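Visitor: Here it is: the structure, laid out below.
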Amino acid sequence: MKNEQKPSINNLFLSFLKLGATAFGGPAMVSYIRKMAVEQKKWLDEDSFKDGVALCQTVPGATAMQTAAYVGLRSRGIFGAVASFVGFGLPAFIIMMILSVVYSQTHSLSKVISAFNGLQIIVIAIVANATISFSKTSLKNLKDAIILIISIGMFAVGASPISVIFIAALSGYILYKNMPIQKKSVENEEILETSKTFIFLLVIIVFLGLLLFVFQRKYFDIAILMSKIDLMAFGGGFASVPLMYHEIVSVRGWIDNAVFLDGIALGQITPGPIVITATFIGYLVYGLIGGLITTIGVFLPSFLVVVGITPYFDRIRKLSFFDKAIKGILCSFVALLFTVTLKFAFNMHWDILRISLAIASFITLYLKVEIYWVVLIGVVFSLIVL
């Protein structure tokens, strides 16, 4: 694949840093990454981006974070992936670390949550707009609509995300049986170069892990624990919450139930995936270093999975069933966004001011006003009025 424009590493980092500061709504941010990377910056073409979304949805971890890494990898190799991934996640890490420090001193969330009272409403508008935006590029015909309805129905009855993805992929293979296969060229030199860099990166990570194991076993243990949670989190960041609860509260008793729920609340009002709650847990257990270690542990494995698989993705696409399965998976992603929109909306206490803020936010986003302006103005409005 040839990019129309090749960004610098610095440009990737700063662009995703800016977007990461308003990364509310979990998987909904994929649509805004697409807007930036495909429409505005023209780093990737539409087909390549869709491939990335399908890949990131089928592997464990936070989908939006992985999509950021995918864009960086396709644009500038592994160093581009690191720049995009870190830039996108850094605002959430900094904000969560600050909130964790404040929480440890006051043990009160009332002021923090009241300051972000209107943000939950804006998040609903963000996810709703992302649903419409992504559906425009993914839903083209009746077959797409059938897979969408099947996926929504499965989510409605509580099916696991990985089972929805599997059924959507199978439905795509069946319904698109006569769809011609897209032939894509595979650049062997690019694969070889990326693989060498990836192996070098793995060696460094293993070496640093061994140092932790020998000299700071407690940090090594909590990093491995968070890594296991990340590798089991199929279906995005929300899938990690029950796993994290079981390991942190039920098994080890590092924090109690009430404190864990406070951490989840903070994870929902900060930008980035809800799995950023790991930063909160790490800080409470082992301080600033603990917060850093748990954050790395809960994001690094899924990052390595995406970076490790992507160079071979075009080869995998040569398989007869793959394009058809991807079309089905993309339809299930629209279903996920739709389901999340409804879930957030039904859990909100609505009044005339909140309804007005939601409608105004949705309209401005639909009219392609930049998301950070919508978030900034909405938060100021909520602080004054709500």
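Visitor: Identify the trypsin sites (Lys or Arg not before Pro) of the stretch 115-156 meeting these criteria: DSSP loop state and at most 13 other C-beta atoms within 10 Å of the C-beta. Mind dumping the intermediate values first?
Guide: Numbers: sites: LYS136, LYS140, LYS143; in loops: LYS140.
Hits after loop and neighbour filter: LYS140.
Visitor: What residue among VAL375, VAL30, VAL157 shows peak mean-square fluctuation when the chain is described by a Gaussian network model with Cα springs under 10 Å?
Guide: VAL157
Visitor: Test of understanding: what is the full-extension gain from VAL259 to TYR312, defined as 0.36 nm times their sequence separation minus their Cα-Cα distance? Show your work: numbers first, answer last.
Guide: Working: separation 53, 0.36 × 53 = 19.08 nm, distance 4.27 nm.
Full extension from VAL259 to TYR312 adds 14.8 nm.
Visitor: Label-point separation (nm) for LEU342 and PHE207, each offset 7 Å from Cα along Cα-to-Cβ?
Guide: Reported label-point gap for LEU342 and PHE207 is 5.2 nm.
Visitor: Let me know the longest stretch in the chain that avoids all GluC sites (Glu not before Pro) found in a DSSP loop with at most 16 other C-beta atoms within 10 Å. Walk me through the numbers before you get to the answer.
Guide: Working: sites that count: GLU4, GLU187.
The reported range is 188-386.
Visitor: Sort TRP43, TRP350 by Cβ crowding within 10 Å, fewest neighbours at the top. Walk me through the intermediate numbers first.
Guide: Working: TRP43 25, TRP350 11.
With the sparsest Cβ surroundings first, the list reads TRP350, TRP43.
Visitor: Which of the chymotrypsin sites (Phe, Trp or Tyr not before Pro) found in the stretch 193-232 are loop residues per DSSP with 11 or fewer other Cβ atoms within 10 Å of their Cβ?
Guide: Numbers: sites: PHE198, PHE200, PHE207, PHE213, PHE215, TYR219, PHE220; in loops: none.
For chymotrypsin sites (Phe, Trp or Tyr not before Pro) across the stretch 193-232 that sit outside H, G, I, E and B with at most 11 neighbouring Cβ atoms in 10 Å, the list is empty.
Visitor: I've got another one for you. As a footprinting exposure proxy, order TYR176, TYR366 by other Cβ within 10 Å, with the fewest listed first. Walk me through the numbers before you get to the answer.
Guide: On the way: TYR176 20, TYR366 13.
Sorted ascending by nearby Cβ count, the order is TYR366, TYR176.
Visitor: While we're looking at this one, here's another question. Which residue fluctuates the most in the chain, going by a Gaussian network model with Cα springs under 10 Å, if the choices are ILE124, ILE162, ILE147?
Guide: ILE162
Visitor: Something else about it: In units of 2.2 N^0.38 Å, what is the alpha-carbon radius of gyration of the chain? List each step's numbers first, then the result.
Guide: Values: Rg = 20.5 Å, N = 386, 2.2 N^0.38 = 21.2 Å.
Normalised by 2.2 N^0.38 Å, the Cα Rg of the chain equals 0.97.
Visitor: How much length would be gained if the chain were fully extended between ARG252 and ILE132, taking 0.36 nm per residue of separation minus their Cα-Cα distance, in nm to one decimal?
Guide: Details: separation 120, 0.36 × 120 = 43.20 nm, distance 4.24 nm.
Here the answer is 39.0 nm.
Visitor: Here is a follow-up. Just to confirm a number: summing +1 for Lys and Arg and -1 for Asp and Glu over residues other than ILE174 whose beta-carbon lies under 15 angstrom from that of ILE174, what do you get?
Guide: Here the charged neighbours net out to +2.
Visitor: While we're on this one: In nanometres, what is the gap between the two model label sites at ILE355 and THR197, each 7 Å from Cα along Cα-to-Cβ?
Guide: Each label point is offset 7 Å from its Cα along the Cβ direction, giving 5.2 nm.
Visitor: For ILE255, ILE205, what ranking results if the residue with the fewest other Cβ atoms within 10 Å of its Cβ goes first? Could the numbers behind the result be given before it?
Guide: On the way: ILE255 17, ILE205 14.
Starting with the residue having the fewest Cβ neighbours, the order is ILE205, ILE255.
Visitor: In deg cm²/dmol and to the nearest 500, what is the mean residue ellipticity at 222 nm of the chain if only DSSP H runs of at least 4 residues count, each as -39500 (n - 2.57), divided by the residue total? Walk me through the intermediate numbers first.
Guide: Numbers: 17 runs with 285 residues, N = 386.
Result for the chain, helices only: -24500 deg cm²/dmol.
Visitor: Okay, next question. Considering Cα pairs under 8 angstrom that are at least six residues apart, work out the relative contact order of the chain and quote it in whole percent.
Guide: Working: 554 pairs, mean separation 120.4, N = 386.
Taking the mean separation of contacting Cα pairs over the length of the chain, I get 31 percent.
Computed from the coordinates by the stated procedures, all read-outs in this text should not be read as laboratory data. No experiment lies behind these values; they were computed from the predicted model shown. All Cβ positions, glycine included, derive from the backbone under ideal geometry; neighbour counts span all protein chains shown.
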